[in-house]
Amino acid sequence: MMRELVYYVAVALDGFIAGPQGEYDGFLMEGDHMEAINRRYAATIPTDFAASLGLAQDTSMFDTVLMGWNTYAIGGRPSPYRHLRQIVFSRTHTAVGENLEVIADDPVSVVRRLKQQEGSAIWLCGGGALAATLADEIDRLVLKRQPVLFGSGIPLFGDRPYQPQRFDLIETTSYESGVVFSEFARPST
């Protein structure tokens, strides 16, 4: 069975994954939705932060994370998800860190190679431009819709041409915090 590419990301009601300068402080970091993140998506929490919370992380859900340079740089740490294989796409920047690769390769080719390898799912962390480039390769979307409007910022799928693609709803869970987790899968052909 081929590995899946999963775009798991927080998104404002108006479709932005971050503010104009990469801000994400408008997203709710407290509330009953956090237990679900900590339990089911522990691998998506930065390694040091998970350790400070006493959360065990494994690679059964994700063993690889993909990021564009801006998403990586906002984290401010040389290896934010060192419990995973981290691949950062950049044609102009470099960085060194544990389990970190900064590459200038075509993201679509990289994802197609990764999908052929053994392992768990591949987590597309962001950003919007990388998601737009990889839209045809995304197998699942897990959106943490936040009850907030940003007004402007980085769109969920960057700047991509009009090209409707259907995804099937798998599950939706609403929390008292107002956060709604929705999981979608690309229809099988």
Amide H within-cut-off set for Val102, under 5 Å, with H built and near neighbours excluded:
Val88, Ala95
Largest first, how would Leu55, Leu66 line up by accessible area (1.4 Å probe)?
Leu55, Leu66
Give the accessible surface of the chain per residue, rounded to a whole number of Å², with probe radius 1.4 Å and ligands, DNA and RNA excluded.
53 Å²
Suppose the Debye formula is applied to equal point scatterers at every Cα of the chain; what is log10 I(q)/I(0) at q = 0.10, 0.11, 0.17 Å⁻¹?
-0.38, -0.46, -1.24
Working from the pairwise distances between different alpha carbons, so that the mean of 1/r is found and then inverted, what is the stretch 1-72's Kirkwood radius in Å?
14.1 Å
I need the semi-axes of the equivalent ellipsoid of the stretch 36-127: take the C-alpha gyration tensor, multiply each eigenvalue by 5, square-root it, list largest first in whole angstrom.
21, 16, 10
For the stretch 114-189, which GluC sites (Glu not before Pro) are both in a DSSP coil and crowded by at most 13 other Cβ atoms within 10 Å?
Glu118, Glu176
How high is the FRET efficiency between Tyr162 and Glu23 when r is their beta carbon distance and R₀ equals 41 Å, given to the nearest 0.05?
0.90
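Give me the number: length gained by fully extending Ala95 to Asp32, i.e. 0.36 nm times residue separation minus the C-alpha to C-alpha distance, one decimal in nm.
19.1 nm
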For the chain, the longest stretch holding no trypsin sites (Lys or Arg not before Pro) located in a DSSP loop with at most 10 other Cβ atoms within 10 Å is which?
1-90
For the stretch 96-155, the Debye formula with one identical point scatterer on each Cα and no solvent gives log10 I(q)/I(0) at q = 0.15 Å⁻¹ as -0.61
5 Å is the cut-off here: which amide hydrogens, built 1.01 Å from N in the peptide plane, fall below it relative to Val65, excluding neighbours closer than 5 in sequence?
Arg85, Gln86, Ile87, Trp123
The answer for GluC sites (Glu not before Pro) in the stretch 1-50 that fall in a DSSP coil and have at most 10 neighbouring Cβ atoms within 10 Å is Glu30
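The values are calculated or read from the model by the stated rules, or taken from the named source; none is laboratory data. Not measured: the values here are computed from a predicted model. Positions of Cβ are backbone-derived with ideal geometry, glycine not excepted, and every protein chain shown enters the neighbour counts. Calculation scope for accessible area: heavy atoms of the full protein, side chains included, ligands and nucleic acids excluded. Shrake-Rupley method; radii C 1.70, N 1.55, O 1.52, S 1.80 Å.
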